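Student: Sending over a structure as structure tokens; questions will come in a sec.
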Amino acid sequence: MKKELFELAKTCGADLMGVAPAARFAPDHKIFRIYPQVKSVIGFVFRCLRGSYRGTEEGTTYYQYTTMSVENMEETVMPVALVRLANLLESHGYTAVPQRRHQTIMESTDGMNPEVAYDAITRGRVEEPQFDFVDAAVQCGLGEKGFHGALLTDAFGPFQRLCFILTDAELPSDPVVTPHLCDRCGECAKGCPGHCVGADGKIDDWRCAAYYNGANGQKNPFMPPEAFPDFPDRLKIIAGEAEVTPEKARKIMDEIYFYPPAQHAYQCSICGRACDVACYCHLEEKGVLTKKFKTPFRYRPEWKFPLSDFERSDADGSTEL
């Protein structure tokens, strides 16, 4: 049945499938709250098209990554695959509990998902358990966890999305992968336009949301020179160097009207997941990715606008620095 599932998964567009026995997870893990009778966790990897990151790399088109590698994957490709795969399990008499990301549900009161509008998220006092998809993917043998928290796979680096099925079918398991891709180089942190990746690899989700949406003007061709006029540290915000609290992140995002969001409450990524792109470029340069391309993803230095483009001259001739 595992072979039958994998063949169907490939037909549905999945690139990788892995199985973890439920016993591999701690007894208090959230999978048991979701489905107490779970025996196997099946994970699926769907690649994000390398070309969908091309527009932000070139500074030309900004909707392709969000619509093709976020919205379309989460709302169309993976849900359809999950339904077909769950139907197959149920046809064999097993229960199948599909798990896709709940983009707008946060268990903590300060939770934030940079991919959606902050005011579309339900926070706190939510009884619906959400488990860590990246950690579950590691348990399913799909890849390893990189420095900045993304799943890294041999074929696609960080360029993929995940979904799962919890089932009472006992399927042959896959071994956990020995980490071998991430060398903790820190390129993901260096590549972030908002300095959102900490020294320990932890991401500040609220800060990330602001810069995912395009708060760094040096990487945002839609930002007008007079942006953020009411912020005394506007140039630091534009350069990605300002202190950003959750409250301040909300105020910054309230003023980012430079580019329209996608449908389903998905925010358009102006940064184009720069942390993932930097990670991918590093892995590709090292030659460790098994999926090869005829040309390297990054073939020239990154572009950015000078901060001086956003300096304002006052009436007395002085310039804000």
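The values are calculated or read from the model by the stated rules, or taken from the named source; none is laboratory data. All values derive from a computational prediction rather than experimental measurement. Note that we place each Cβ from the backbone using ideal geometry, even for glycine, and neighbour counts take in every protein chain shown.
Student: Out of (1) modelled with pLDDT of 95 or more; (2) within 25 Å of the chain's Cα centre (by Cα); (3) surrounded by fewer than 18 Cβ atoms within 10 Å (Cβ to Cβ); (4) outside any helix (DSSP H, G or I), what's the single condition that is false for Gly51?
Tutor: Unmet for Gly51, out of (1) modelled with pLDDT of 95 or more; (2) within 25 Å of the chain's Cα centre (by Cα); (3) surrounded by fewer than 18 Cβ atoms within 10 Å (Cβ to Cβ); (4) outside any helix (DSSP H, G or I): (4).
Student: Does Lys219 fit the bill of being touching a Cys at 6+ places or on another chain (Cβ under 7 Å) and of a type outside the set (Val, Ile, Thr)?
Tutor: Considered against the rule, which asks whether it is touching a Cys at 6+ places or on another chain (Cβ under 7 Å) and of a type outside the set (Val, Ile, Thr), Lys219 comes out as yes.
Student: Could you list, in sequence order, all residues of segment 181-197 that are within 17 Å of the chain's Cα centre (by Cα) and either at pLDDT below 95 or among the aliphatic types (A, V, I, L, M) (or both)?
Tutor: Residues satisfying the conditions are Ala189, Val197.
Student: Of the residues Lys291, Lys304, only one is touching a residue at least 12 places away in the same chain (Cβ under 8 Å), of a type in the set (Lys, Arg) and in contact with a helix residue (DSSP H, G or I) (Cβ under 6 Å, 6 or more places away or on another chain); which?
Tutor: So the residue among Lys291, Lys304 that is touching a residue at least 12 places away in the same chain (Cβ under 8 Å), of a type in the set (Lys, Arg) and in contact with a helix residue (DSSP H, G or I) (Cβ under 6 Å, 6 or more places away or on another chain) is Lys304.
Student: Gln37 - would you say it is among the polar types (S, T, N, Q), surrounded by fewer than 17 Cβ atoms within 10 Å (Cβ to Cβ) and not assigned by TED's automatic domain parsing to the domain that holds Glu284?
Tutor: yes
Student: Within segment 258-309, work out how many residues are hydrophobic (A, V, I, L, M, F, W, C), more than 27 Å from His180 (Cβ to Cβ) and in a loop (DSSP other than H, G, I, E, B).
Tutor: Pass one, segment 258-309, residues hydrophobic (A, V, I, L, M, F, W, C): 258, 262, 265, 268, 270-271, 274-275, 277-279, 281, 283, 288-289, 293, 297, 303, 305, 307.
Among the residues that remain, those that are also more than 27 Å from His180 (Cβ to Cβ) are: 258, 262, 265, 268, 270-271, 303, 305, 307.
If we keep only those that are in a loop (DSSP other than H, G, I, E, B) as well, we get 258, 262, 265, 268, 270-271, 303, 305.
Total satisfying the criteria: 8.
Student: Any residue that is part of a helix (DSSP H, G or I), in contact with a strand residue (DSSP E or B) (Cβ under 7 Å, 6 or more places away or on another chain) and within 18 Å of Lys291 (Cβ to Cβ) - is there at least one of those in segment 72-82?
Tutor: So far as segment 72-82 goes, yes, one or more of its residues are part of a helix (DSSP H, G or I), in contact with a strand residue (DSSP E or B) (Cβ under 7 Å, 6 or more places away or on another chain) and within 18 Å of Lys291 (Cβ to Cβ).
Student: Taking segment 114-168 as the search range and keeping residues that are β-branched (Val, Ile, Thr) and not in a loop (DSSP other than H, G, I, E, B), which one is modelled with the lowest pLDDT?
Tutor: Thr122
Student: Could you look through segment 124-143, keep only residues that are closer than 14 Å to Ala20 by Cβ and surrounded by fewer than 20 Cβ atoms within 10 Å (Cβ to Cβ), and pick out the one that is farthest from the chain's Cα centre (by Cα)?
Tutor: Filtering segment 124-143 for residues that are closer than 14 Å to Ala20 by Cβ and surrounded by fewer than 20 Cβ atoms within 10 Å (Cβ to Cβ), the one farthest from the chain's Cα centre (by Cα) comes out as Gly141.
Student: Any residue at all in segment 24-35 that is touching a residue at least 40 places away in the same chain (Cβ under 8 Å), touching a Cys at 6+ places or on another chain (Cβ under 8 Å) and part of a helix (DSSP H, G or I)?
Tutor: no
Student: Is segment 173-186 home to any residue that is assigned to a loop (DSSP other than H, G, I, E, B), assigned by TED's automatic domain parsing to the domain that holds Gly18 and farther than 17 Å from Asp276 by Cα?
Tutor: Scanning segment 173-186 turns up no residue that is assigned to a loop (DSSP other than H, G, I, E, B), assigned by TED's automatic domain parsing to the domain that holds Gly18 and farther than 17 Å from Asp276 by Cα.
Student: Anything in segment 91-123 that is surrounded by 14 or more Cβ atoms within 10 Å (Cβ to Cβ), in contact with a helix residue (DSSP H, G or I) (Cβ under 9 Å, 6 or more places away or on another chain) and within 30 Å of Lys2 (Cα to Cα)? List them, or say none.
Tutor: If the condition is that a residue be surrounded by 14 or more Cβ atoms within 10 Å (Cβ to Cβ), in contact with a helix residue (DSSP H, G or I) (Cβ under 9 Å, 6 or more places away or on another chain) and within 30 Å of Lys2 (Cα to Cα), then Thr95, Ala96, Val97, Pro98, Gln99, Arg100, Arg101, Gln103 are the ones that fit.
Student: Here's a follow-up. So the check is Cβ under 8 Å with 6+ separation or different chains; which pairs have a first residue in segment 255-273 that's of a type in the set (D, E, K, R) and a second one that's outside any loop (DSSP other than H, G, I, E, B) and buried (at least 23 other Cβ atoms within 10 Å of the Cβ)?
Tutor: Listed by first residue and then by second, the contacts come to Arg273/Tyr53; Arg273/Tyr65; Arg273/Tyr212.
Student: If you don't mind, another one. All but one of (1) over 16 Å from the mean Cα position of the chain (by Cα); (2) at pLDDT below 95 hold for Gly93; which doesn't?
Tutor: Only one criterion is unmet by Gly93, namely (2).
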